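A.B. asks: Here you go, one structure.
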Amino acid sequence: MVLPNFSNVSNTSLNTTISNEFGVKVSTIEHLMGALFGLGVDNALIEIDNEEVPILDGSAKEFIEKIYAVGLTVSNAPIKIIKINKKIEFKDGDRVISISPSRVSLEIEFELKYNNPVIGNQKNKVNVFEDDLNEIFNSRTFCLYEDIEAIKKNGLARGGSLENAIVVKENNILNNDGLRNSKEFVNHKILDCIGDLFTCGYRMIANVKCSQGGHYLTNKLLRKVFENKDNFSIVEIQERNLPHTVINRSLLRSIA
Ligand SMILES: [Zn+2]
């Protein structure tokens, strides 16, 4: 068993990989983690027969639909949520991520800057518990055409194709149907961020701001937050159902 905890994250170069002390590892956990966060699932056992979570269409869409179709059980255990008490920042050159206190919401503001003209500079901000997140969860991972060979050399994305990623070559998107939404690139990065934040084990009340980050920065940020108990509080909610403010209803509505 490998807990999807930030302290077990062993590789963040192309995806989020977790490992345990026996060398068992599972890669690409972030879209599944994002789907679990989005659906309000904080207790689940995932069985997997390989070391990479299926990439599916490169988004969290199918996880959301399938988990919803199977159904969820409401448990009697109190719900715990992390509340951030102090601003914490992690920088790596031009790339930066910060987390700061919020009263009741989880806001994620993300910006990416690519030299590629199709991806370019994209920015989006979401309130994770209140906004319609369908576009976030439907947004696919993306790569530059020239990077595909490098990814395959690392043994990942062996089935990598236009079926499970947006592939950008110079001024063109190679996928026949183009983009699913106008900010699909940055929206996918927000999905990754939600999934990676969930490796703290709880949903969260905070403001997160990230410029040009990804799995590495989010993991470094969580490590920094949780190394000092003054940085956060664990809020316990006794009700069996989550209060309206901390679960997003738009996903449930859209697939009901
Ligand atoms: Zn991703």
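The values are calculated or read from the model by the stated rules, or taken from the named source; none is laboratory data. Keep in mind that what you see is a predicted model, and the values were worked out from it rather than measured. With ideal geometry, Cβ positions are generated from the backbone for all residues, glycine too; neighbour counts draw on all protein chains shown. Note: areas computed on protein heavy atoms with side chains; ligands, DNA, RNA excluded. Shrake-Rupley method; radii C 1.70, N 1.55, O 1.52, S 1.80 Å.
A.B. asks: Select from the range 213-225 the residues that are open to solvent by less than 60 Å² (accessible area, probe 1.4 Å) and in contact with a helix residue (DSSP H, G or I) (Cβ under 7 Å, 6 or more places away or on another chain) and list them in ascending order.
C.D. replies: The answer is Gly214, His215, Thr218, Asn219, Leu222, Val225.
A.B. asks: Now for a separate question. Would you pick out the residues in the range 1-42 that are touching a residue at least 40 places away in the same chain (Cβ under 8 Å), among the small types (Gly, Ala, Ser) and open to solvent by less than 40 Å² (accessible area, probe 1.4 Å)?
C.D. replies: Once the filter is applied, which keeps residues that are touching a residue at least 40 places away in the same chain (Cβ under 8 Å), among the small types (Gly, Ala, Ser) and open to solvent by less than 40 Å² (accessible area, probe 1.4 Å), the range 1-42 yields Ser27, Gly34, Ala35, Gly38, Gly40.
A.B. asks: Among the numbered criteria (1) aromatic (Phe, Trp, Tyr); (2) surrounded by fewer than 16 Cβ atoms within 10 Å (Cβ to Cβ); (3) modelled with pLDDT of 90 or more, which single criterion is violated by Phe110?
C.D. replies: (2)
A.B. asks: Report every pair of residues separated by at least 6 positions or lying on different chains whose Cβ atoms are under 8 Å apart, first residue within the range 73-96 and in contact (Cβ under 8 Å) with a residue 60 or more places away in the chain, second of a type in the set (Asp, Glu) and open to solvent by less than 70 Å² (accessible area, probe 1.4 Å).
C.D. replies: From the range 73-96, no pairs qualify.
A.B. asks: Out of the range 47-57, which residues are touching a residue at least 40 places away in the same chain (Cβ under 8 Å) and touching a helix residue (DSSP H, G or I) at 6+ places or on another chain (Cβ under 7 Å)?
C.D. replies: Leu56
A.B. asks: Out of all the residues in the range 159-190, which are open to solvent by 50 Å² or more (accessible area, probe 1.4 Å), within 21 Å of Glu111 (Cα to Cα) and within 16 Å of the ligand (Cβ to nearest atom)?
C.D. replies: The answer is Leu179, Arg180, Lys183.
A.B. asks: When only residues in the range 139-158 that are in a loop (DSSP other than H, G, I, E, B) and open to solvent by 60 Å² or more (accessible area, probe 1.4 Å) count, which is modelled with the highest pLDDT?
C.D. replies: If we take residues in the range 139-158 being in a loop (DSSP other than H, G, I, E, B) and open to solvent by 60 Å² or more (accessible area, probe 1.4 Å), then Asn154 is modelled with the highest pLDDT.
A.B. asks: Of these, Cys193, Cys210, which one is part of a helix (DSSP H, G or I), open to solvent by less than 20 Å² (accessible area, probe 1.4 Å) and modelled with pLDDT of 95 or more?
C.D. replies: Cys193
A.B. asks: Right, another one. Which of the residues spanning the range 56-74 are on the phi < 0 side of the Ramachandran plot and open to solvent by less than 60 Å² (accessible area, probe 1.4 Å)?
C.D. replies: Asp57, Ser59, Ala60, Phe63, Ile64, Ile67, listed by residue number.
A.B. asks: On the basis of being open to solvent by less than 80 Å² (accessible area, probe 1.4 Å) and touching a Phe, Trp or Tyr at 6+ places or on another chain (Cβ under 9 Å), does Gly93 make the cut?
C.D. replies: Spelling it out, it is not the case that Gly93 is open to solvent by less than 80 Å² (accessible area, probe 1.4 Å) and touching a Phe, Trp or Tyr at 6+ places or on another chain (Cβ under 9 Å).
A.B. asks: Being closer than 18 Å to Glu109 by Cβ and away from the ligand (no atom under 16 Å from the Cβ) is true for just one of Ser211, Ser233. Which residue is that?
C.D. replies: On inspection, the qualifying residue turns out to be Ser211.
A.B. asks: Is it true that some residue in the range 43-55 is closer than 16 Å to Phe137 by Cα, open to solvent by less than 20 Å² (accessible area, probe 1.4 Å) and within 16 Å of the ligand (Cβ to nearest atom)?
C.D. replies: No, the range 43-55 contains no residue that is closer than 16 Å to Phe137 by Cα, open to solvent by less than 20 Å² (accessible area, probe 1.4 Å) and within 16 Å of the ligand (Cβ to nearest atom).
A.B. asks: Can we say Asp177 is among the charged types (D, E, K, R) and within 20 Å of Arg95 (Cα to Cα)?
C.D. replies: No.
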